[in-house]
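So that we are looking at the same thing, I have put the structure below in structure tokens.
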Amino acid sequence: MMGTLSASLNIALGSLLTDEGALQITTNNIANVNTPGFARQRPGLAETPPVQLGGLTFGTGVNLQSVSSLRDSILDLRVNQETQQQGQLDAFIASGQQIQSLFNETAGSGLQAPLTAFFSSLSALSANPSDLNARQGVITAAQNLAHAFNQISTNLSTLQQNVDLSVKQSVAQVNNLTKQIAAVNAQVSAATSTGQNPGPFIDQRQQLLNQLSNLVDISEIDAGNGSLTITTSGGAALVVAGQSFQLTTQPNPTTGLTDIFSQGSDVTSKITAGQLGGQLQIRDQEIPAVQTSLDSLASGLANAVNAQHQAGFDLNGAPGGDLFLPPPPGGLGAAATLSVAITDPTKIAASGNGAIGDNANANALLALQNQNIISGETPLTAYQGLVFRIGNDVSSAQTNQQAGSSVLQQLTDLQGGVSGVDINEEASNLIRFQNAYQASAQVASVIDSLLQDTINIVGA
């Protein structure tokens, strides 16, 4: 009799401990309802092995066999992948809009106004070829145009240097995160190996991975035992088990800009997503492309104007020289170095035959406005094409960003449906486990009372 009661008491006590554990898990879920990255936990209750007495089988109760975090690894991976794209687009758009601001005609920046003013000054010169004021107007307009080219080119270079600084900062952030991920990775493996619940560590790791995805494109490889191997999408190792592999930077000997290395290998061109990928795209592709187009415009315009100016005669009847200082061979750096070669208004070659008052060469210079002297396009058309390409690149990125944001929100909602805490469900579980705990306590109390009665009877 006492053996049977003792066994029943053990069952009741085991139930108490199990329900207490389930209550703790439920309470923890409720406490973390607003914690970013928290995945709700579920107690795994299992029947303990039964015993056989004679021909009968008796149950031995219940225990808390496991605690599992509810996660969908595929959804987690998709969220990270979409976060990489959003990080890249965000960085590209932020700097792309700064490039756009350099060509904001309505705000007084850009080249359209000084280009138009330059050709307008040639029109005024054609009407009064002997007028010194008109001649000075050409020089002033040319100087303003050269300064506008210089200023935009300088601002582009400054922006490129600023983005380059951001690249260094992003690499430092990547290294900080990979160091943290390696430490948590080891904790996940240790918990998994010892049969403990790795859920809290996995939550922490997932949050860190999401931050890392915003910075750089990564690939995740299941290394077993709960551990992940993290690499860039190009294959550069970032985290292996409990060890992180730091990215390093050093200036490029040709450009002076920052190159990124992984264990001695240059991986700069292989980083294509995340904030770092967007920064590299702006720094190494977008800004150089704009600068090249700007140099082509400055070089083509200066060469065409100089060639026509040399074909005319100045106010003293002497052959015309260069109006602009000749741009560098190949045009590289033409926008940054463009300047006016003359300061004496009498040196403007307005005449086509050397006669005072003749405006033939002034008309020829003015006609350049409508000639295809810039890679088969007129100066204004070439410039407008440059501005359009910048705007189109930024607009396309914004469209992709909006579409990607919707996808990311959908994935996040799905992720929340799996891992998020439902207060109503947890409140129901709280009542269920609390009732079970109270019932087990009552059973234990009754059995304890029976045991005491039995002992008293036997003792009597």
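The values are calculated or read from the model by the stated rules, or taken from the named source; none is laboratory data. Everything numeric in this text was worked out from a predicted model, so none of it was measured. Cβ: placed from backbone, ideal geometry, glycine included. Neighbour counts: every protein chain shown.
This table checks each residue for (1) small (Gly, Ala, Ser); (2) closer than 22 Å to residue 369 by Cα; (3) at pLDDT below 95.
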{"residue": "241", "(1), (2), (3)": "yes, no, yes"}
{"residue": "263", "(1), (2), (3)": "no, no, yes"}
{"residue": "277", "(1), (2), (3)": "yes, no, no"}
{"residue": "312", "(1), (2), (3)": "yes, yes, no"}
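How many residues does region 304-314 contain that are crowded, with 19+ Cβ neighbours inside 10 Å and touching a residue at least 60 places away in the same chain (Cβ under 8 Å)?
Here the count works out to 2.
In this structure, is residue 281 surrounded by fewer than 15 Cβ atoms within 10 Å (Cβ to Cβ) and either polar (S, T, N, Q) or outside any loop (DSSP other than H, G, I, E, B) (or both)?
The answer is no for residue 281.
Would you mind stating whether residue 364 is touching a residue at least 24 places away in the same chain (Cβ under 8 Å) and within 30 Å of residue 28 (Cα to Cα)?
no
Scan region 315-326 and tell me whether some residue there is within 21 Å of the chain's Cα centre (by Cα), polar (S, T, N, Q) and over 17 Å from residue 146 (Cα atoms).
Checked region 315-326: no residue is within 21 Å of the chain's Cα centre (by Cα), polar (S, T, N, Q) and over 17 Å from residue 146 (Cα atoms).
Given the options 386, 368, name the one that is in a helix (DSSP H, G or I) and either over 26 Å from the mean Cα position of the chain (by Cα) or not assigned by TED's automatic domain parsing to the domain that holds residue 145 (or both).
From the options 386, 368, the qualifying one is 368.
A further question on this structure: In the set 91, 134, which member is in the same structural domain as residue 393 (by TED's automatic domain parsing), touching a residue at least 24 places away in the same chain (Cβ under 8 Å), out of contact with any Phe, Trp or Tyr (no Cβ under 6 Å at 6 or more places or on another chain) and surrounded by 19 or more Cβ atoms within 10 Å (Cβ to Cβ)?
91
Pick out the one residue from 428, 445, 440, 396 that is over 30 Å from residue 38 (Cβ atoms) and at pLDDT below 95.
So the residue among 428, 445, 440, 396 that is over 30 Å from residue 38 (Cβ atoms) and at pLDDT below 95 is 445.
Moving on to the next point. Of 170, 121, which residue is part of a helix (DSSP H, G or I), out of contact with any His (no Cβ under 8 Å at 6 or more places or on another chain), free of Cβ contacts under 8 Å to residues at least 40 places away in the same chain and buried (at least 20 other Cβ atoms within 10 Å of the Cβ)?
The conditions single out 121.
Would you please name the residue that is nearest to residue 79 (Cα to Cα), looking only at residues in region 215-226 that are buried (at least 22 other Cβ atoms within 10 Å of the Cβ) and not acidic (Asp, Glu)?
Filtering region 215-226 for residues that are buried (at least 22 other Cβ atoms within 10 Å of the Cβ) and not acidic (Asp, Glu), the one nearest to residue 79 (Cα to Cα) comes out as 218.
Quick one: is residue 143 over 26 Å from the mean Cα position of the chain (by Cα), touching a residue at least 40 places away in the same chain (Cβ under 8 Å) and part of a helix (DSSP H, G or I)?
yes
Restricting to region 315-353, count the residues that are touching a residue at least 40 places away in the same chain (Cβ under 8 Å) and in a strand (DSSP E or B).
Result for region 315-353: 3.
Same structure, new question: Would it be correct to say that residue 176 is touching a Leu at 6+ places or on another chain (Cβ under 6 Å) and either surrounded by fewer than 17 Cβ atoms within 10 Å (Cβ to Cβ) or not assigned by TED's automatic domain parsing to the domain that holds residue 283 (or both)?
no
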